[in-house]
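One structure is given below, encoded as structure tokens.
Computed from the coordinates by the stated procedures, all read-outs in this text should not be read as laboratory data. All of these numbers come straight from a predicted model, not from anything done at the bench. Ideal geometry is used to build each Cβ from the backbone, glycine not excepted, and the neighbour counts take in all protein chains shown.
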Amino acid sequence: MELADQNYIKMHSQKMILSTMIKHYPISRVKLSELTNLNKATVSLQTNSLIEKHLVSEIGAGASNGGRKPILLVFNKNAGYAVGVELAANYIQTILIDLEGNMLFSDYFEFVTQSMEALKIILIERIRLVTNHAPESPYGIIGIGVAVHGFCNENQTVVYTPNSNWDKVDIKNLLEDQFNFPVFIDNEANAGAFGEKLYGSIGHSDNSIYISVGTGIGLGIILNNKLYRGSDGFLGELGHMTIEFNGKKCVCGNQGCWELYASESAFFNNLSRIKKGREMTHEKANKMIQENDGDILIEIEKFGYCLGIGITNLINTFNPDSIILRSNLIEANPIILKSIKKAVSNRIARYIPLKNEILISQLNRNAAVLGAASFMIEKFLVNPKIYNKCSVPR
């Protein structure tokens, strides 16, 4: 028990030092001791261990405040690289990032109709293409994080994908069999929320909600500065909360689900019906908005109103500091945000202060893949000792 306690203390101290260094490098050991409240002997011991693990480097002397010049330390962001993948109904996006989240390579593959066997081959090919761009490093590829548009449980099993058949595939075992890397699976909204927390709009926020608006609506929730997944990993499927009593029937079995009225699919279906069956795309919709087409302006108001109803429910339930919207349609047409904010301000309870920020995603379509790759970085930095350098299959 005592040995276990000592190992925990050691790991905890090392994690504190590393996370502080990532935020503040170049930094001296003395400054690390001040910021972490760890004694100088502990800091010296743990930084030496991190240097041995190739995660930290000494870069020479810094400025002196009267005594000896301090030796400055930096985090080695190129000690290893992570792969992020987003699996959607009609595209696969794959990226390679360093340990600080800087993107080194990105691949976007769009498809219309493919058999699942063909898609498995495409997925492996896209990942291999990205991993082949990884520079030489002490740890190589540290893992593959995968964001799936669907329900994932705590065992990383994809239980249901409403608009594709990825739930018929054991993605984790498929990729671990093909690549000598650890693999982590989560849903797209959780990954997007994690990405925005690390690199986007909500880094300053302890409590925030990420809303992915596309074919459906998914939520990633940050509570007390951590991604909250619920007891079985299904938290965030609030696209299926009821906003219309006795409303449209949903494939989930419920009626009047939020995403039947406030998803991009719902918006395009309504617009297509008004335009007598014309096929609608983002490009066509953006052009119509720029031309002030009366029909689409009315539909935008309805779309924003329906999104605002659901967002009001979320504010009443979670009282977040901020809400982030990830939507190709909204990002291309920020005027929709006015309709959303108008609906929220008209419906929010009078006793709740309107301090909640409603923001458009800064990371856009990269939010989920960055978050997915960063899940692997987080796991790696907790205990890099268990990682052996992985060879990249060519």
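One table, with the values for the structure above:
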{"read-out": "Cut-off under 5 Å, modelled amide H: who pairs with G143 long-range", "value": "V83"}
{"read-out": "At R0 = 51 Å, FRET efficiency that the Cβ-Cβ distance of I122 and N224 yields, to 0.05", "value": "0.85"}
{"read-out": "Distance in nm between pseudo-label sites at K342 and Q114 (7 Å out along the Cβ direction from Cα)", "value": "4.2 nm"}
{"read-out": "Mean Cβ count within 10 Å, highest first, over the residues of peptides 148-157, 194-203, 209-218", "value": "209-218, 194-203, 148-157"}
{"read-out": "Candidates S345, S374, S327, ranked by Gaussian network fluctuation over the chain, Cα under 10 Å, top entry", "value": "S345"}
{"read-out": "Cβ-based exposure ranking for L175, L370, in which fewest neighbours within 10 Å come first", "value": "L175, L370"}
{"read-out": "At least 24 Å along the helix axis (C-alpha) and Kyte average at least -0.5, DSSP helices within the chain", "value": "2-24, 294-318"}
{"read-out": "Distance violations [Cα-Cα > 21 Å] among K53/K197; K15/K69; K40/K226; K226/K338; K120/K172; K10/K172", "value": "K53/K197; K15/K69; K40/K226; K226/K338; K10/K172"}
{"read-out": "Farthest positive-ward along the chain dipole, Cα basis, beta-carbon charges - from F194, P26, G220", "value": "P26"}
{"read-out": "Cα gyration tensor, the chain - rounded (a/c under 1.5), prolate or oblate", "value": "prolate"}
{"read-out": "From phi via Karplus (6.51, -1.76, 1.60), per-residue ³J(HN,Hα) for region 91-98 in Hz, x at Gly/Pro", "value": "7, 10, 10, 9, 9, 10, 10, 7"}
{"read-out": "Radius 14 Å from Cβ of G195, net charge of other residues (Lys, Arg +1; Asp, Glu -1)", "value": "-3"}
{"read-out": "Rounded to whole Hz, the Karplus (6.51, -1.76, 1.60) HN-Hα couplings of region 74-79, x for glycine and proline", "value": "10, 7, 8, 5, 9, 5"}
{"read-out": "By average C-beta atoms within 10 angstrom, highest first, the peptides 44-55, 267-278", "value": "44-55, 267-278"}
{"read-out": "HN-Hα J in Hz across region 248-258 - Karplus 6.51, -1.76, 1.60, θ = phi - 60°, x for Gly and Pro", "value": "4, 7, 9, 5, 6, x, 8, 10, x, 5, 3"}
{"read-out": "Built amide H within the under 5 Å cut-off of C152, gap 5+", "value": "V159, N187"}
{"read-out": "Residues Y25, Y261 arranged by fewest to most Cβ contacts within 10 Å", "value": "Y25, Y261"}
